[in-house]
Amino acid sequence: MAPSNQLEVPQKSRVTVVGSGNWGSVAAKLIAFNTLHINSFHDEVRMWVFEETLPSGEKLSDVINRTNENVKYLPGIKLPKNVVADPDIEHAVRDANMLVFVTPHQFMEGICKRLVGKIREDAVAISLIKGMEVKREGPCMISSLISEILGISCCVLMGANIANEIAVEKFSEATVGYRENKEIAEKWVQLFNTPYFMVSAVQDVEGVELCGTLKNVVALAAGFVDGLEMGNNTKAAIMRIGLREMKALSKLLFPSVKDNTFFESCGVADLITTCLGGRNRRCADAFARNGGKRSFDELEAEMLQGQKLQGVSTAKEVYEVLSHRGWLELFPLFTTVHEICSGRLAPSAIVEYTEHSARLPLLESPVHLN
């Protein structure tokens, strides 16, 4: 029998959060609570911070480490002391075998290319990012981008998750999407799950990720309806049509997507909360109230304190996919949202569906949906 000093000790997992915005900081808070209480994780959680100089002249990362608070993106919320802000991305990821990506989706390709050859060979990833890259050959989901560039497994976590509510520990749910390895999915569930943040896993990465991505486009439509004071009936209709288009497009792009995924937290629940209270809805409301005369860039800068609006860029990316494949007429809501955002149509066009009504039943066709 081998001496006790030669027994193999299970390696503890080290976690790094790549991103430190509003949701990234909340994710770090959730994770850091669990790493302190679960023996299979190292206590310390590194959080990569895109360095900024605050009005006080101090560096954001220094202030986070001194005060345990992200004063710019999550003010008033204390982070656990085992969250360590690190402005050097290569240093932040070097020792981690569990990487949590939570940055605006438009920055992810550049971030991944910087990390090639800089991460552990046994690393796995999870993406909390809502968006897609559109390339000539078609849409590329962020989880696929991470897997392809870094050569690692990547799950996704999506759900009805308005970050500021989770930060103050109001009850919420989320969904982990995984491909084949249920054991890795269960490790991610263990890392995120708390009494106020209930996480479940489903074997459907594309379905979970597309729900999280496409609902931001529907939220813009809901915001236009709010800004034009069209009422709750209209908003409910927009949400229903939006969910139908989310499901139809997801299944056309990835036939493996499961119907049940749309009834998880990542699906209908995320759609509802985003259409009621998310940043995309808020900015679209302001856009409509101003008659489309103020740009989304201007509204984002004024209203979001440095956070990024995902829905407008996603609407453009979805439009490019639909246009390339000749599907614009099949998806009147998605098409109209982009045309409003780009100034081609007035916000009121969001409910002018009569010319499309004959085409809408195509979305109900079993050919497309089953």
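The values are calculated or read from the model by the stated rules, or taken from the named source; none is laboratory data. The structure presented is a predicted model; accordingly, all values stated were derived computationally and were not measured. Methodologically, a virtual Cβ is constructed for each residue, glycine included, from the backbone with ideal geometry; neighbour enumeration extends over all protein chains shown. For the accessible areas, the whole protein counts, side chains as well, though only heavy atoms, and no ligand, DNA or RNA atoms are used. Shrake-Rupley method; radii C 1.70, N 1.55, O 1.52, S 1.80 Å.
Solvent-accessible surface of the chain, taken per residue with a 1.4 Å probe and all protein chains present: 44 Å². Per atom type, region 11-202 shows carbon and sulfur on 49% of its accessible surface, probed at 1.4 Å. Mean separation of Cα pairs under 8 Å and 6 or more residues apart, divided by the residue count, gives the chain a relative contact order of 13 percent.
Share of region 212-347's accessible area from carbon and sulfur, percent, 1.4 Å?
Working: 2680 of 5320 Å².
The nonpolar share, carbon plus sulfur, comes to 50 percent.
In this rough spin-label picture, where each label sits 7 Å from Cα along the Cβ direction, the Glu133-Lys12 distance is 3.5 nm. Highest GNM mean-square fluctuation among Ile38, Ile184, Ile272, for the chain modelled with Cα contacts below 10 Å: Ile38. Where the centroid of each part is defined by its Cα atoms, how far is region 89-134 from region 302-351 in Å? Each part reduced to its Cα centre gives a spacing of 27 Å.
Checked against a 20 Å cut-off, the cross-linked pairs Lys130/Lys182; Lys258/Lys316; Lys72/Lys308 give Cα-Cα distances beyond that limit for Lys130/Lys182; Lys258/Lys316.
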